[in-house]
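One structure is given below, encoded as structure tokens.
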Amino acid sequence: MTNAVIDVIKKRRTQYALGKDLPLSPDAVTHLIKEAVRHAPSSFNSQSSRAVILFGAESEKFWSMVKEALRKIVPEDAFAASEARVNGFAAGAGTILFFEDQDVVKELQEKFALYADNFPIWSEQSSGMAQFAVWTALAESGIGASLQHYNPLVDAEVAQTWDVPPSWKLRAQMPFGSNLQPFGDKAFIDDAVRFKVFG
Ligand SMILES: Cc1cc2nc3c(=O)[nH]c(=O)nc-3n(C[C@H](O)[C@H](O)[C@H](O)COP(=O)(O)O)c2cc1C
């Protein structure tokens, strides 16, 4: 049995070897990212996910920020490895910053008090759905990406640099670009450990 969605899901992999040559124009990539985030599900259709899309020098600026923030906290003998990793992200064509709007979460908590404790959790889950949708859509277009988490290290500087509203909470960063290396094999745990099927 073949299924087009499963085929694309399988195509999405972590790519660290990123280059600058994209198969699509920045406008087309922007459109793709917007569509993926727009059509990702969210609790109560709250649409709490936000994204800042950085291309070229703006993306490089983000990774310099990360590098300088890491320089302050990573032990000197470990910094070279961190720096090499970050340089790899900067070598891509762009970076998507994923946020969740905490004003939306608060509004929902006030409106539906019964579920108040769940809304922050559902917001995180919605963010994951948006990230997965974007990552998979990029993969379908032949664009490589990975998922990074340098928040909250750079949150304040990001907000200041790209005019991010105070209610937007940075959740993840996705550097993307051309695939410079093939993907390695991926190991999977046993179905018996993972699934139970009844009926
Ligand atoms: C919630 C979540 C958090 C992740 N965080 C990171 C991260 O901080 N850095 C990183 O390099 N990869 C991160 N990853 C990527 C995983 O390591 C990767 O998806 C996993 O090893 C499977 O490999 P694949 O993406 O090639 O299928 C994250 C993935 C998920 C779903």
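The values are calculated or read from the model by the stated rules, or taken from the named source; none is laboratory data. Remember, predicted model here, so these are calculated numbers, not experimental data. Using ideal geometry, Cβ is built from the backbone for each residue, glycine included, and neighbour counts are taken over all protein chains shown. Surface areas here come from the heavy atoms of the whole protein model, side chains and all, with no ligands, DNA or RNA. Shrake-Rupley method; radii C 1.70, N 1.55, O 1.52, S 1.80 Å.
Look at Val66 and say whether it is farther than 17 Å from Lys20 by Cα, of a type in the set (Val, Ile, Thr) and buried (at least 22 other Cβ atoms within 10 Å of the Cβ). Give the steps one after another, and end with the answer.
Values: farther than 17 Å from Lys20 by Cα: yes; of a type in the set (Val, Ile, Thr): yes; buried (at least 22 other Cβ atoms within 10 Å of the Cβ): yes.
Against the criterion (farther than 17 Å from Lys20 by Cα, of a type in the set (Val, Ile, Thr) and buried (at least 22 other Cβ atoms within 10 Å of the Cβ)), Val66 qualifies.
Which one is surrounded by the most Cβ atoms within 10 Å (Cβ to Cβ) among residues in the range 162-178 that are part of a strand (DSSP E or B) and more than 12 Å from the ligand (Cβ to nearest atom)? Show your work before the answer.
The first filter runs over the range 162-178 and keeps only residues part of a strand (DSSP E or B), leaving 168-178.
In the following step, the residues that additionally are more than 12 Å from the ligand (Cβ to nearest atom) were identified as 168-170, 176-178.
On the way: Trp168: 24, Lys169: 22, Leu170: 22, Phe176: 28, Gly177: 26, Ser178: 18.
Of everything passing the filter in the range 162-178, Phe176 is surrounded by the most Cβ atoms within 10 Å (Cβ to Cβ).
What are the residue pairs meeting all of these: first residue in the range 1-13, first residue outside any loop (DSSP other than H, G, I, E, B), second residue surrounded by 10 or more Cβ atoms within 10 Å (Cβ to Cβ), Cβ atoms under 8 Å, and 6 or more apart or on different chains?
Between residues of the range 1-13 that are outside any loop (DSSP other than H, G, I, E, B) and residues that are surrounded by 10 or more Cβ atoms within 10 Å (Cβ to Cβ), the close pairs are Val8/Thr136; Val8/Ala139; Val8/Glu140; Ile9/Thr136; Lys11/Thr136; Lys11/Ala139; Lys11/Glu140.
Just checking, which of Asp103, Asp185, Asp117 is more than 13 Å from the ligand (Cβ to nearest atom) and in a loop (DSSP other than H, G, I, E, B)? Break it down into steps so the answer makes sense when it comes.
Numbers: Asp103 fails: in a loop (DSSP other than H, G, I, E, B); Asp185 fails: more than 13 Å from the ligand (Cβ to nearest atom).
The unique qualifying residue is Asp117.
Within the bounds of the range 139-161, is there any residue that is within 15 Å of the ligand (Cβ to nearest atom), free of Cβ contacts under 8 Å to residues at least 12 places away in the same chain and open to solvent by 50 Å² or more (accessible area, probe 1.4 Å)?
Within the range 139-161, the subset within 15 Å of the ligand (Cβ to nearest atom) is 139-140, 143-154.
If we keep only those that are free of Cβ contacts under 8 Å to residues at least 12 places away in the same chain as well, we get none.
No: zero hits.
Could you check, for the range 137-152, whether at least one of its residues is farther than 26 Å from Val29 by Cα and out of contact with any Phe, Trp or Tyr (no Cβ under 9 Å at 6 or more places or on another chain)? Full working, then the answer.
Step one: list which residues in the range 137-152 are farther than 26 Å from Val29 by Cα, which gives 152.
Right, trim to out of contact with any Phe, Trp or Tyr (no Cβ under 9 Å at 6 or more places or on another chain) and you get 152.
The answer is yes, given that some residue of the range 137-152 is farther than 26 Å from Val29 by Cα and out of contact with any Phe, Trp or Tyr (no Cβ under 9 Å at 6 or more places or on another chain).
Out of Leu97, Leu32, I need the residue that is surrounded by 14 or more Cβ atoms within 10 Å (Cβ to Cβ), closer than 25 Å to Gln160 by Cα and either in contact with a strand residue (DSSP E or B) (Cβ under 6 Å, 6 or more places away or on another chain) or of a type in the set (A, V, I, L, M) (or both). Which one? Show your work before the answer.
Numbers: Leu32 fails: closer than 25 Å to Gln160 by Cα.
Of Leu97, Leu32, the one residue that is surrounded by 14 or more Cβ atoms within 10 Å (Cβ to Cβ), closer than 25 Å to Gln160 by Cα and either in contact with a strand residue (DSSP E or B) (Cβ under 6 Å, 6 or more places away or on another chain) or of a type in the set (A, V, I, L, M) (or both) is Leu97.
For residues that are in a helix (DSSP H, G or I) and in contact (Cβ under 8 Å) with a residue 60 or more places away in the chain, scanning just the range 35-57, find the one that is most open to solvent (accessible area, probe 1.4 Å). I'd like the intermediate steps shown before the answer.
Narrowing the range 35-57 to residues in a helix (DSSP H, G or I): 35-39, 43-45, 56-57.
Checking which are in contact (Cβ under 8 Å) with a residue 60 or more places away in the chain leaves us with 35-37, 39, 43-44.
Values: Glu35: 66, Ala36: 15, Val37: 33, His39: 135, Ser43: 22, Phe44: 100 Å².
Among those that are in a helix (DSSP H, G or I) and in contact (Cβ under 8 Å) with a residue 60 or more places away in the chain, it is His39.
Take the range 133-157 and flag every residue that is over 11 Å from Leu32 (Cβ atoms) and assigned to a loop (DSSP other than H, G, I, E, B).
Gly142, Ser146, Leu147, His149, Tyr150, Asn151, Pro152, Leu153, Val154 - these are the residues of the range 133-157 that are over 11 Å from Leu32 (Cβ atoms) and assigned to a loop (DSSP other than H, G, I, E, B).
Filter the range 6-36 for residues that are within 16 Å of the ligand (Cβ to nearest atom), out of contact with any helix residue (DSSP H, G or I) (no Cβ under 8 Å at 6 or more places or on another chain) and of a type in the set (Val, Ile, Thr) and give the result.
Going through the range 6-36, the residues within 16 Å of the ligand (Cβ to nearest atom) turn out to be 6-18, 36.
Next cut, out of contact with any helix residue (DSSP H, G or I) (no Cβ under 8 Å at 6 or more places or on another chain) only: 6-7, 10, 14-15.
Passing the criteria: Ile6, Thr14.
Based on what the data block shows, is Gly142 modelled with pLDDT under 95 and within 27 Å of Gln15 (Cα to Cα)? Give the steps one after another, and end with the answer.
Details: modelled with pLDDT under 95: no; within 27 Å of Gln15 (Cα to Cα): yes.
Criteria not met by Gly142.
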